[in-house]
Amino acid sequence: MTKILLVEDDIALREIYSARFTAEDFDVITASDGEEALTQAIQGKPDLVILDIMMPKISGMDVLDILRSTPETKNTKIIIMSALSQASDIERGKELGADAYLVKSQSTLSDVVDKAKEILARPPRGEAKS
């Protein structure tokens, strides 16, 4: 079963997204802050991380940067899902290695699930495309 780490500090959103991904046959683990996200990403070895930016303890951008520079997680697929919609935020997320950047106010639950499936269908990070 494909494992997703859902990193979201808003309890209601975390529960809604977790329920939807579980209904889509994903194994969902969650984290409510950046520190917990790093621990879960390294220990849980998810196939995909869905990462909020504005979080307690460690920001999502810092989590992304750390995950990309850590050998165990550098190739993990990561989608940023944030309320931040400025072009500079989106650009920074992509520069740090996010596979996709979704703006919460512009994305439905179905959009997020579809994007997750699309990213998961791609070849593993670090492998040449054939």
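Tabulated results
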| quantity | calculated |
| --- | --- |
| Residues satisfying the stated conditions in segment 107-121, i.e. surrounded by 12 or more Cβ atoms within 10 Å (Cβ to Cβ) and not hydroxyl-bearing (S, T, Y) | L109, D111, V112, V113, D114, K115, A116, K117, E118, I119, L120 |
| Qualifying positions in segment 78-106 - small (G, A, S), surrounded by 12 or more Cβ atoms within 10 Å (Cβ to Cβ) and modelled with pLDDT of 90 or more | G93, G97, A98, A100 |
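Condition check ((1) modelled with pLDDT of 95 or more; (2) of a type in the set (S, T, Y); (3) surrounded by fewer than 17 Cβ atoms within 10 Å (Cβ to Cβ)) across all residues:
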{"site": "A19", "(1), (2), (3)": "yes, no, yes"}
{"site": "V28", "(1), (2), (3)": "yes, no, no"}
{"site": "K45", "(1), (2), (3)": "no, no, yes"}
{"site": "I50", "(1), (2), (3)": "yes, no, no"}
{"site": "M54", "(1), (2), (3)": "no, no, yes"}
{"site": "G60", "(1), (2), (3)": "no, no, no"}
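The values are calculated or read from the model by the stated rules, or taken from the named source; none is laboratory data. Keep in mind it's a predicted model, so treat the numbers as computed, not measured. Because the Cβ atoms are built from the backbone with ideal geometry, glycine has one as well, and the counts that use them run over all protein chains shown.
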